[in-house]
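Read through the structure below, which is laid out as structure tokens, and then see the notes.
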There are 2 protein chains.
Amino acid sequence: MKYIAIIGYGVVGSGITAVLEANRSKISRVIGDDIEVRYILDLREFPGSPYGDRVVHDISVITGDPEVELVCETMGGSHPAYEFSVACMKAKKCVVTSNKEVVANYGDMLLECAAENGVSYLFEASVGGGIPVIRSLNTSMSQDNISRITGIVNGTTNYILTAMKNEGRDFADVLSEAQRLGYAERDPSADIDAIDAKRKIIILTALATGLLLPDDKVYAGSIRKVEVEDIRAADRLGYSLKLVASFCRDGNGMVSFAAPAFVPMTSPISSVDGVYNGIWVRSDTTGDVMYYGMGAGSLPTAGAVMADVCAALSGAAAAEYVPVFRKSSEADGIIHFRDTENSFYLRYDGTIGELEEALKAACPGFRGTVRDVSCNGSVTEVIIEKITLSELEKVTRSSLPILILQ
Amino acid sequence: MKYIAIIGYGVVGSGITAVLEANRSKISRVIGDDIEVRYILDLREFPGSPYGDRVVHDISVITGDPEVELVCETMGGSHPAYEFSVACMKAKKCVVTSNKEVVANYGDMLLECAAENGVSYLFEASVGGGIPVIRSLNTSMSQDNISRITGIVNGTTNYILTAMKNEGRDFADVLSEAQRLGYAERDPSADIDAIDAKRKIIILTALATGLLLPDDKVYAGSIRKVEVEDIRAADRLGYSLKLVASFCRDGNGMVSFAAPAFVPMTSPISSVDGVYNGIWVRSDTTGDVMYYGMGAGSLPTAGAVMADVCAALSGAAAAEYVPVFRKSSEADGIIHFRDTENSFYLRYDGTIGELEEALKAACPGFRGTVRDVSCNGSVTEVIIEKITLSELEKVTRSSLPILILQ
């Protein structure tokens, strides 16, 4: 018998016991032994649950039990998740997590701590819910050079943007419906201000490059100011408006960001709708691969946690290539998204001539082009090429500039 | 230094040396050692190649060299690929293959031989080219119950069907163009008669269930008789016409097949076009996941071979869950696709009344429904529900009956 503990018994944590019950025989076959949940750490009690008698409130009960081989950290947030994970690994327990915040902020130290203590630290469930993208990047693609990742990695915002498109309703209206239905949190900022997507692209970038980017090197663009008109314009011009998380590397350097963008209809991620996630990876030899599936939800995410539990307890994870993350430095050639030249769509409250004047005044260095894509006389719509977001933000009387993904 | 050999130096085999050159440093990092190709077995000589001096013509040179740890079998076909693979594993060498025919026919015996000799037999490249679907099924999803797999796994036929749709050209015309461009072989039967797709669904079914289905339990439906009218009807009725490879399991039993089918536009695989592959997997906890990418080509396929080489030589493959395939028996409840009730689209050379008479005469047991979906007075188009292909094939004066995927 292998004993595990779960710390944080919320949506994902309780999904783990559900998956364990449902798939017990297959899990035992993979691990070569049965699994039992010995402890559940939570602030609450669960008197009605069959696991109610395993609830503890003190992490030292878990770290102090030498029979517990693995801990599932599904509490979320950086603290005390980081400290608890370190304590468990120092007590020679593997740690498996669904917590993207702690991996994005402390992944380098957590992987180092795991290596020092001869245990595994695994985080498949931190990106893309049940989609097995992290193990794929880490095993199947570990020998390849990844040059680009473009993903739709936040189900809440994708649900909102899809509903705005399909029903022509505005952002605030759809957001409050999503909150009522439980698709968005009461404080929705982590999702709609792209903080969640940013954490996920930080993790994917680290898997592709080994570099864990600091928070201030990764742009997060909110979707709060996206208007139905933007979505209509995208559609008319052959794009889907999506909140994309992107990593891109070329001869000039690398950039990672999360931002609302026009995605060409020809891209496989343009049709990833609703609460689904899609992650598209380009590498030198494999070419383009896309992973698609349920990016959130209790069972899919708990299933990903369980896949990691199996990898850790079967010994497979220890034999796999273990990534090493290091904090990036100046020498790594990281460019902030604000400072990269791109194409943007926007509506301007004035004539094309006035916009060109405003651009000249605000951005003396601007050498790009302004293309008129207006569809009626009353609104000036343009695509501005070869301009940075920093420059564009100086231009007033403009709607939210929306990146056009190449 | 780790020494490997390549047997069969064609499109994939030569891709392996190209990938090795391009990604040498990443590959060494993953394996923890450098790799060198010591032998290339082929009937031909390659005097101009930098690997020309390593060409041998006798497998015993490879099996007799104890320093060779791994052999890439990229020769294709069942024989002598099977015998050579067994000989290499008996000589304690891992074998990695891109050969779907030998895995579909002899996967059970090859995996058993690997286990007996304490080596790995890996076949990521046998399905989906560079798409890492096999390792995902085998690791991330090994603890889950897979109830359905639907894939577009043959790039040649998908290219043909996509061109028929986009350009309105007929099958023979597009096929000869595909042959001219090198997308289809001179003898195209393995692709267009769905033999290749059938082998791939046999492999995917074995990964999902452990059962290696014999050839005669898996239906392969050719696309030779697909007409432009079928593709137009699919489009009008909200479907894409695709050659799908499918495994499905429910309370009644399991069925695997490859056949042209109407795929609902709402399915993520309906938009997999051209030479791309898409494989959609439904499981109890993870829900729906789709893998999408280049299903063929020298570098993507060789990249998948190299991922297996890395897994084998790093020791990861030995620690992963190793699948066991067994030949299926009567007790496994396998139903032939011909005998499962489904819905089909067809055009009938006669009136609806005549078709109903013909159905009554040919299939006395028929209790389904006939739905008129004609779009003009001159052609009778119907969707027949709750009928088997065996029954439908008795009805003459009909176009190719095309499955409607649920």
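The values are calculated or read from the model by the stated rules, or taken from the named source; none is laboratory data. Computed from a predicted model, the values in this text were never measured in an experiment. Quick reminder, even Gly has a Cβ in these numbers, built from the backbone with ideal geometry, and neighbours come from all protein chains shown. Ligands, DNA and RNA are excluded from the accessible area calculation, which covers all protein heavy atoms including side chains. Shrake-Rupley method; radii C 1.70, N 1.55, O 1.52, S 1.80 Å.
Could you give the radius of gyration (one decimal) and Dmax (whole number) of the Cα atoms in chain A, in Å?
22.8, 75
Under the definition of Cα pairs under 8 Å and six or more residues apart, what whole-number percent is the relative contact order of segment A:275-345?
That works out to 17 percent.
Net charge around A:L122, counting only other residues with Cβ within less than 11 Å of its Cβ (Lys, Arg = +1; Asp, Glu = -1)? Before the final figure, lay out the partial values.
Details: positive: A:R135; negative: A:E73, A:E124, A:D308, A:E320.
Charge balance in the 11 Å sphere: -3.
Find how many whole Å separate the alpha carbon centroid of segment B:365-406 from the alpha carbon centroid of segment B:257-290.
23
Within a 10 angstrom radius of each residue's Cβ in B:269-280, how many Cβ atoms of other chains show up on average? Whole number is fine.
Working: counts 1, 1, 4, 2, 2, 0, 0, 4, 1, 3, 0, 2.
Counting other chains' Cβ atoms within 10 Å and averaging over B:269-280 gives 2.
Under the definition of Cα pairs under 8 Å and six or more residues apart, what whole-number percent is the relative contact order of chain A?
Across chain A, relative contact order equals 17 percent.
Expressed in whole Å with the largest first, what are the equivalent ellipsoid semi-axes of segment B:258-342 derived from the C-alpha gyration tensor as the square root of 5 times each eigenvalue? All intermediate terms of the calculation are to be shown ahead of the outcome.
Working: eigenvalues 162, 107, 39 Å².
Largest first, segment B:258-342 gives 28, 23, 14 Å.
Reachable aspartates and glutamates from A:K225, Cα under 12 Å, same-chain residues fewer than 8 places away excluded?
Reachable aspartates and glutamates: A:D170, A:D193.
In peptide B:258-268, what is the residue-averaged number of other protein chain Cβ atoms found within 10 Å of each Cβ?
Other-chain Cβ atoms within 10 Å of each residue's Cβ, averaged: 1.
Going through the cross-link list A:K26/B:K90; B:K90/B:K327; A:K242/A:K386; A:K2/B:K26; A:K217/A:K394, which pairs have a Cα-Cα distance over 32 Å in this structure?
Cα-Cα > 32 Å for A:K2/B:K26; rest within.
Answer with one residue from A:V37, A:A91, A:T388: the one whose Cα lies farthest towards the positive end of the charge dipole of chain A, charges on Cβ with Lys, Arg +1 and Asp, Glu -1.
A:T388
With all protein chains present, calculate the accessible area of A:M265 using a 1.4 Å probe and round the result to the nearest 10 Å².
For A:M265, solvent-accessible area is about 90 Å².
Let me know the shape class of the protein assembly as shown, please: from the alpha-carbon gyration tensor, a ≥ b ≥ c as square roots of the eigenvalues, rounded when a/c is under 1.5, otherwise prolate if a/b is greater than b/c, or oblate.
rounded
Could you work out the pair-distance distribution P(r) of segment A:187-245 from its alpha-carbon pairs, with 5 angstrom bin width and percents rounded to whole numbers?
The distribution over segment A:187-245 is 4, 18, 21, 18, 15, 13, 8, 2, given as percents.
How much of B:T63 can a 1.4 Å solvent probe reach, expressed as accessible area in Å² and rounded to 10?
40
Could you identify the residue of A sitting closest to the A-B rotation axis by Cβ and state that distance rounded to whole angstrom?
Reported as residue, whole Å: A:A319, 2.
Report Rg (one decimal) and Dmax (nearest whole number) for segment A:249-406, counting Cα atoms only, units Å.
Radius of gyration, then largest Cα-Cα span, for segment A:249-406: 21.3, 67 Å.
Taking a ≥ b ≥ c as the square roots of the Cα gyration tensor eigenvalues, with a/c under 1.5 meaning rounded and otherwise prolate when a/b beats b/c, else oblate, which class fits segment B:298-343?
oblate
Modelling each spin label as a point 7 Å along the Cα-to-Cβ direction, I'd like the B:I352/B:E112 distance in nm, to one decimal.
5.5
Hey, what's the Kirkwood Rh for segment B:198-336 if you take every pair of different alpha carbons, in angstrom? Can you show the working numbers first?
Details: mean 1/r = 0.0579 Å⁻¹.
After inverting the pairwise mean of 1/r, the radius is 17.3 Å.
With only Lys, Arg, Asp and Glu charged, each at its Cβ (+1 for the first two, -1 for the last two), find how big the charge dipole of the protein assembly as shown is about the Cα centre; round to the nearest 20 debye.
Here the size comes out at about 140 debye.
When N is the residue count of segment B:216-298, what does its C-alpha Rg come to as a fraction of 2.2 N^0.38 Å?
With N residues counted in segment B:216-298, Rg over 2.2 N^0.38 Å equals 1.19.
In what sequence, largest accessible area first, do B:V244, A:V56 appear using a 1.4 Å probe?
A:V56, B:V244
For segment B:195-295, what is the relative contact order in percent, using Cα pairs closer than 8 Å and at least 6 residues apart in sequence?
Relative contact order of segment B:195-295: 22 percent.
Kindly write out, for segment A:27-44 in residue order, the coupling ³J(HN,Hα) from the Karplus curve 6.51 cos²θ - 1.76 cosθ + 1.60 (θ = phi - 60°), rounded to whole Hz, with x marking Gly and Pro.
Each residue of segment A:27-44 in turn: 4, 5, 5, 5, 7, x, 6, 7, 10, 9, 7, 8, 9, 10, 9, 7, 6, 8 Hz.
Kindly identify segment B:36-164 as rounded, prolate or oblate by the Cα gyration tensor criterion: order the square roots of the eigenvalues as a ≥ b ≥ c, call it rounded if a/c is under 1.5, otherwise compare a/b with b/c, prolate if a/b is larger, else oblate.
It is oblate, given that a/c is not under 1.5 and a/b is not larger than b/c.
Given segment B:151-232 reduced to its alpha-carbon atoms as identical point scatterers, what log10 I(q)/I(0) does the Debye formula return at q = 0.27 Å⁻¹?
At q = 0.27 Å⁻¹ the computed log10 ratios are -1.27.
Using the Karplus curve 6.51 cos²θ - 1.76 cosθ + 1.60 with θ = phi - 60°, work out ³J(HN,Hα) for each residue of segment A:243-257 in order, rounded to whole Hz, and write x for Gly and Pro.
Once rounded to whole Hz, the list reads 7, 9, 10, 9, 10, 8, 9, 9, x, 7, x, 9, 9, 10, 7.
Which FRET efficiency, nearest 0.05, do B:F46 and B:E21 yield, Cβ-Cβ r, R0 22 Å?
Rounded to the nearest 0.05, the efficiency is 0.90.
Where both partners of a DSSP beta bridge lie in the protein assembly as shown, what percent of those bridges are antiparallel, to the nearest 5?
Rounded to the nearest five, the antiparallel share is 65 percent.
7 Å from Cα along Cα→Cβ at both B:K90 and B:R186: what's the point-to-point distance in nm?
The answer from the label model is 3.5 nm.
With a 1.4 Å probe and every protein chain left in place, tell me how much accessible area A:E393 has, in Å² to the nearest 10.
100
Quick one: work out the % antiparallel among DSSP beta bridges in chain A, nearest 5. Numbers along the way, then the final one.
Numbers: 44 of 70 bridges.
Roughly 65 percent of the DSSP beta bridges within chain A come out antiparallel.
Calculated from DSSP H runs of 4 or more alone, at -39500 (n - 2.57) each and per residue, what is the 222 nm mean residue ellipticity of chain B, nearest 500?
-10500 deg cm²/dmol
What does the charge count near A:A233 come to, summing +1 for each Lys or Arg and -1 for each Asp or Glu among other residues with Cβ under 11 Å from its Cβ?
Result for the neighbourhood of A:A233: -2.
Could you order B:M1, A:M75, B:M89 so the one with the most accessible surface comes first? Probe is 1.4 Å.
Reading off the accessible areas and sorting them downward yields B:M1, A:M75, B:M89.
Which order do B:I352, B:I62 take when ranked by solvent-accessible area (1.4 Å probe, heavy atoms of all protein chains), largest first?
Numbers: B:I352 45, B:I62 0 Å².
So, going from the largest accessible area down, we get B:I352, B:I62.
Which angle between 0 and 90 degrees, to the nearest 10, do you get for helix B:155-167 versus the longest principal axis of chain B when only C-alpha atoms count?
40
Calculate the dipole size of chain B relative to its Cα centre from +1 charges on Lys and Arg beta carbons and -1 charges on Asp and Glu beta carbons; express the result in debye to the nearest 20.
Computed about the Cα centre, the dipole is about 420 debye.
What aspartates and glutamates could a cross-link reach from A:K92, if we take a straight Cα to Cα line under 14 Å and drop same-chain neighbours fewer than 8 places away?
Leaving aside aspartates and glutamates fewer than 8 places away in the same chain, those within reach of A:K92 are A:D65, A:E67, A:E69, A:E112, A:E116.
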